[in-house]
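Here the structure comes first, spelled out in structure tokens, and everything after it is commentary.
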Amino acid sequence: MMKYPLTITSILNRARIYFPRKEVVTRLPGSIHRYSYADLYTRVCRLSNVLSSLGVEKGDRVGVFGWNTYRYLEAYFAAPCMGAVVHTINIRLAPNDLVHIINHAKDKVLLIDEDLLPAIEAIAPRLETVKQFVVMTDDEIASQGLPNAHDYETLMAQASDSYDFPELGEDDPAGLCYTSATTGDPKGVTYSHRGLYLHTLTQCMTDSLSLSERDVILPVVPMFHANTWGVPYTSAFLGATLVLPGPRPDAAAVCNLIQQEKVTISLGVPTIWIGVLDYVARSEGSCDLSSLRSLVSGGSAVPPYMFRAFDDMGIPMTHAYGMTEATPLVTICNYKSHMESWDDDAKMNVRVKQGLPVAGLEIRLVDENGTDLPWDGVNSGELLVRGPWVAGEYLDDERSGDTFIDGWYHTGDVVTVDPEGYVQIVDRAKDMVKSGGEWISSVDLEAAIMAHPAVYEAAVIGIPHDRWQERPLAYVVPTAEHRDSLDRDTVLAHLEDKFARWWLPDDVIFIDEMPKTAVGKFDKKVLRQQYASAAPTAPTTSGGTQ
Ligand code: AMP
């Protein structure tokens with residue numbers, strides 16, 4: 001066999017050669033920007049020249065701080081194809097975390113969306129390695145508040161539109177993304193060209209996301225979240241139309257884009273889809289999402305009611321699971337052929353699972369001593385993963401040894417695996433509630449609470465308890481119509497026939513808005529802090545129902 005390096009450059013070249021007229025569409029404030037993959041290629045060449053002229057060399061990190069737009073896409077290709085590394089920076093991080101990751105990554109150049117400039121200007125004096133700042137704007141106004149600031153389009157206009165991309169090794173670093181840690185600073189994951197390329201291939205498989213040239217793909221997941229779940233590279237590789245949702249995409253923007261661009265597949269976290277369901281319900285039939293052949297939901301568990309709600313609209317929702325450390329795809333939930341004839345309840349029992357590991361990955365299920373557990377759908381333990389697109393370490397981080405052990409990535413997710421090989425998340429290890437020595441799954445409680453028609457969002461945390469050590473507490477955002485009428489007893493009564501009594505939350509706290517993490521998941525860290533500051537002492541035995 002030929003020794004053929006698997007690189008992002010060959011993905012870009014495929015888009016240029018075979019799909020030059022297919023489009024990249026970006027929603028911008030008040031307008032839609034369109035160009036072709038041929039245009040993308042030319043601009044990637046220009047950006048590579050720009051980055052070279054700013055001093056970027058092989059192995060250097062180029063940070064990007066922006067919304068999902070065509071300019072971000074240009075950086076997704078230019079940095080890796082010229083031999084540098086694209087560092088996708090989470091725009092919602094706190095200033096100290098931003099300073100940490102930009103310094104830790106040793107970013108040499110930062111590309112910043114104009115409307116996000118204040119966040120970078122505020123920390124610029126603390127950035128130790130950034131030599132040049134490039135503002136992604138149409139206007140000729142570089143930031144006044146940053147040293148060595150340039151505006152993107154002026155540099156692009158001055159740059160040559162051809163670039164001789166170097167031969168790269170497939171193990172060369174191409175991307176870098178930080179994931180938040182339970183404690184301590186965010187941890188960096190470096191992606192190799194090879195890992196990204198193989199991840200791209202797996203997304204094209206029929207039994208995976210089954211993406212194809214015919215698709216019009218809308219990643220609502222931010223481009224700073226785990227390589228946009230791989231979508232930009234896969235779209236270019238296949239020549240699929242890529243639709244980027246631009247700044248602050250809300251449910252209305254997502255629905256309008258789906259309708260206008262005839263999107264066939266869209267990907268995002270469940271909070272996005274909660275918003276879309278609510279928007280569709282309020283739009284009284286004026287919102288047409290019939291072009292969709294699939295919605296992919298990942299990042300946190302999809303509650304069963306959500307599958308049913310989209311089924312009622314004739315839109316299949318597919319459950320996917322992964323993490324920053326795995327590029328991110330680990331499992332996808334598709335039926336095996338013999339399941340197609342199962343009745344609806346049996347099928348729903350499959351759909352709520354996170355799914356089968358995608359081809360190319362291996363998994364194990366282990367107890368706290370590292371002993372393998374049976375795949376019987378009952379025994380739960382930690383999920384371990386290995387494969388060609390799973391990280392082997394965190395970037396320059398002593399904590400690597402706690403997570404990457406003997407060639408396996410320890411996910412920290414507590415799961416069951418059924419005899420067919422389908423993985424189901426019971427909970428994040430850190431989110432499970434240990435009450436009187438027994439485990440309660442916050443995921444199960446949340447799914448059940450959110451199935452109540454008066455509930456918009458719900459999250460369950462464990463709170464300290466002097467008798468049971470921990471008890472579940474539910475935070476609930478009612479739907480707009482039930483803001484004033486939903487009460488604690490109604491929520492608890494709704495759970496009574498679904499769980500043992502000792503599983504029921506000790507209390508229900510109603511809030512107007514659910515705090516969300518930087519990637520749109522319910523932020524239980526904030527809820528725990530809110531609880532701790534409101535109730536500094538642990539509750540006494542009253543309220544415990546075990
Ligand atoms: P991140 O690296 O931010 O993508 O977070 C990865 C973590 O999100 C995983 O380890 C899981 O705990 C959680 N997660 C991702 N996808 C799912 C899913 N489909 N269901 C439940 N939890 C998920």
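Which of the helices (runs of 4 or more DSSP H) contained wholly in the range 115-234 include at least 3 residues that are more than 25 Å from GLY83 (Cβ to Cβ) and out of contact with any His (no Cβ under 9 Å at 6 or more places or on another chain)? Walk me through it before giving the result.
Working: elements: 117-123, 152-158, 193-204.
Helices (runs of 4 or more DSSP H) meeting the threshold: 117-123.
Does the range 406-414 include one or more residues that are part of a helix (DSSP H, G or I), within 16 Å of the ligand (Cβ to nearest atom) and either touching a residue at least 60 places away in the same chain (Cβ under 8 Å) or open to solvent by 30 Å² or more (accessible area, probe 1.4 Å) (or both)? Quick ask: steps written out before the conclusion?
Keep residues of the range 406-414 that are part of a helix (DSSP H, G or I), which gives none.
There is no residue in the range 406-414 that is part of a helix (DSSP H, G or I), within 16 Å of the ligand (Cβ to nearest atom) and either touching a residue at least 60 places away in the same chain (Cβ under 8 Å) or open to solvent by 30 Å² or more (accessible area, probe 1.4 Å) (or both).
Scan the range 388-399 for residues that are closer than 16 Å to VAL330 by Cα and either outside any loop (DSSP other than H, G, I, E, B) or within 15 Å of the ligand (Cβ to nearest atom) (or both) and jot them down.
Matches in the range 388-399: TRP389, VAL390, ALA391.
Run TYR335 past the list (1) farther than 23 Å from THR202 by Cβ; (2) surrounded by fewer than 22 Cβ atoms within 10 Å (Cβ to Cβ) and report the number of the one that doesn't hold.
(1)
So if I check each of MET306, MET317, which one is open to solvent by less than 60 Å² (accessible area, probe 1.4 Å), at pLDDT 95 or above and touching a helix residue (DSSP H, G or I) at 6+ places or on another chain (Cβ under 9 Å)? Break it down into steps so the answer makes sense when it comes.
Details: MET306 fails: at pLDDT 95 or above.
Result: MET317 is the single residue among MET306, MET317 that is open to solvent by less than 60 Å² (accessible area, probe 1.4 Å), at pLDDT 95 or above and touching a helix residue (DSSP H, G or I) at 6+ places or on another chain (Cβ under 9 Å).
Considering (1) in contact with a strand residue (DSSP E or B) (Cβ under 6 Å, 6 or more places away or on another chain); (2) open to solvent by 10 Å² or more (accessible area, probe 1.4 Å); (3) more than 19 Å from THR517 (Cβ to Cβ), say which one THR324 fails and leave the rest.
THR324 satisfies every listed condition except (3).
Here are some conditions: (1) assigned to a loop (DSSP other than H, G, I, E, B); (2) within 13 Å of the ligand (Cβ to nearest atom); (3) out of contact with any helix residue (DSSP H, G or I) (no Cβ under 9 Å at 6 or more places or on another chain). GLY285 meets all but one. Which one does it not meet?
(2)
Taking PHE133 as the residue in question, decide whether it is aromatic (Phe, Trp, Tyr) and under 19 Å from THR190 (Cα atoms). Spell out the reasoning first.
Values: aromatic (Phe, Trp, Tyr): yes; under 19 Å from THR190 (Cα atoms): no.
Criteria not met by PHE133.
Can TYR178 be described as under 28 Å from TYR41 (Cβ atoms) and touching a Gly at 6+ places or on another chain (Cβ under 6 Å)? Before the answer, list the steps.
Working: under 28 Å from TYR41 (Cβ atoms): no; touching a Gly at 6+ places or on another chain (Cβ under 6 Å): yes.
Taking the combined requirement at face value, the residue does not satisfy it.
Quick check on the range 144-167. Is at least one of its residues surrounded by fewer than 22 Cβ atoms within 10 Å (Cβ to Cβ), farther than 25 Å from VAL99 by Cβ and in contact with a strand residue (DSSP E or B) (Cβ under 9 Å, 6 or more places away or on another chain)?
yes
Only one of these conditions is not met by GLY184: (1) touching a Leu at 6+ places or on another chain (Cβ under 9 Å); (2) among the small types (Gly, Ala, Ser); (3) surrounded by fewer than 24 Cβ atoms within 10 Å (Cβ to Cβ). Which number is it?
Against the list (1) touching a Leu at 6+ places or on another chain (Cβ under 9 Å); (2) among the small types (Gly, Ala, Ser); (3) surrounded by fewer than 24 Cβ atoms within 10 Å (Cβ to Cβ), GLY184 comes up short only on (1).
One line per residue, one yes/no per condition, for (1) out of contact with any Cys (no Cβ under 7 Å at 6 or more places or on another chain); (2) surrounded by fewer than 18 Cβ atoms within 10 Å (Cβ to Cβ):
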{"position": "SER208", "(1), (2)": "yes, no"}
{"position": "VAL221", "(1), (2)": "yes, no"}
{"position": "TRP229", "(1), (2)": "yes, no"}
{"position": "TYR233", "(1), (2)": "yes, no"}
{"position": "ARG248", "(1), (2)": "yes, yes"}
{"position": "GLY268", "(1), (2)": "yes, no"}
{"position": "THR271", "(1), (2)": "yes, no"}
{"position": "VAL280", "(1), (2)": "no, no"}
{"position": "ARG293", "(1), (2)": "yes, yes"}
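Can you tell me which of (1) surrounded by 14 or more Cβ atoms within 10 Å (Cβ to Cβ); (2) within 16 Å of the ligand (Cβ to nearest atom) is the one ASP402 doesn't meet?
Against the list (1) surrounded by 14 or more Cβ atoms within 10 Å (Cβ to Cβ); (2) within 16 Å of the ligand (Cβ to nearest atom), ASP402 comes up short only on (1).
Which residues, counting only those in the range 520-535, are outside any helix (DSSP H, G or I) and within 16 Å of the ligand (Cβ to nearest atom)?
First, the residues of the range 520-535 that are outside any helix (DSSP H, G or I): 520-523, 535.
The answer is GLY520, LYS521, PHE522, ASP523.
Being under 22 Å from ASP418 (Cα atoms) and within 9 Å of the ligand (Cβ to nearest atom) is the filter here, so list the residues in the range 299-327 that pass it.
GLY299, SER300, ALA301, VAL302, HIS319, ALA320, TYR321, GLY322, MET323, ALA326
Which of the residues that make up the range 375-391 are charged (D, E, K, R) and either open to solvent by less than 30 Å² (accessible area, probe 1.4 Å) or under 24 Å from THR200 (Cβ atoms) (or both)? Step through it out loud before you land on a result.
Quick first cut of the range 375-391, residues charged (D, E, K, R) only: 376, 382, 386.
Within the range 375-391, ARG386 is the sole residue that qualifies.
When you go through (1) under 24 Å from ASP427 (Cβ atoms); (2) at pLDDT 95 or above one by one for GLU261, which number turns out not to apply?
For GLU261, the exception is condition (1).
Give me the strands (runs of 3 or more DSSP E) completely within the range 8-107, filtered to those with at least 2 residues that are over 19 Å from PHE133 (Cα atoms), modelled with pLDDT of 95 or more and open to solvent by 50 Å² or more (accessible area, probe 1.4 Å), ordered by residue number. Give the derivation first.
Values: elements: 23-28, 31-36, 61-65, 85-88.
Output list reads 23-28, 31-36.
Show the residue pairs that are 6+ apart or on different chains and have beta-carbon atoms under 7 Å apart, the first residue being within the range 415-436 and on the phi > 0 side of the Ramachandran plot, the second being away from the ligand (no atom under 16 Å from the Cβ) and aromatic (Phe, Trp, Tyr).
GLY421/TRP375; GLY436/TRP468
For the range 114-151, name all the residues that are within 26 Å of the chain's Cα centre (by Cα) and under 17 Å from VAL56 (Cα atoms).
Within the range 114-151, VAL134, VAL135 meet the criteria.
Which numbered condition trips up PHE310, out of (1) in contact with a strand residue (DSSP E or B) (Cβ under 6 Å, 6 or more places away or on another chain); (2) of a type outside the set (Lys, Arg); (3) within 24 Å of THR411 (Cβ to Cβ)?
All conditions pass for PHE310, except number (3).
For the range 344-374, give me the residue count where each residue is of a type in the set (A, V, I, L, M, F, W, C), closer than 23 Å to THR206 by Cα and within 16 Å of the ligand (Cβ to nearest atom).
Just the residues of the range 344-374 that are of a type in the set (A, V, I, L, M, F, W, C), to begin with: 346, 348, 350, 352, 356, 358-359, 361, 363, 365-366, 373.
Still in the running and closer than 23 Å to THR206 by Cα: 346, 348, 350, 352, 356, 358-359, 361, 363.
Narrowing the set further to residues that are within 16 Å of the ligand (Cβ to nearest atom) leaves 348, 350, 352, 356, 358, 361, 363.
Residues meeting the conditions: 7.
The values are calculated or read from the model by the stated rules, or taken from the named source; none is laboratory data. Remember, predicted model here, so these are calculated numbers, not experimental data. Counting neighbours? That spans all protein chains shown, and the Cβs are built from the backbone with ideal geometry, glycine included. Keep in mind that these areas ignore ligands, DNA and RNA; they rest on the heavy atoms of the full protein, side chains included. Shrake-Rupley method; radii C 1.70, N 1.55, O 1.52, S 1.80 Å.
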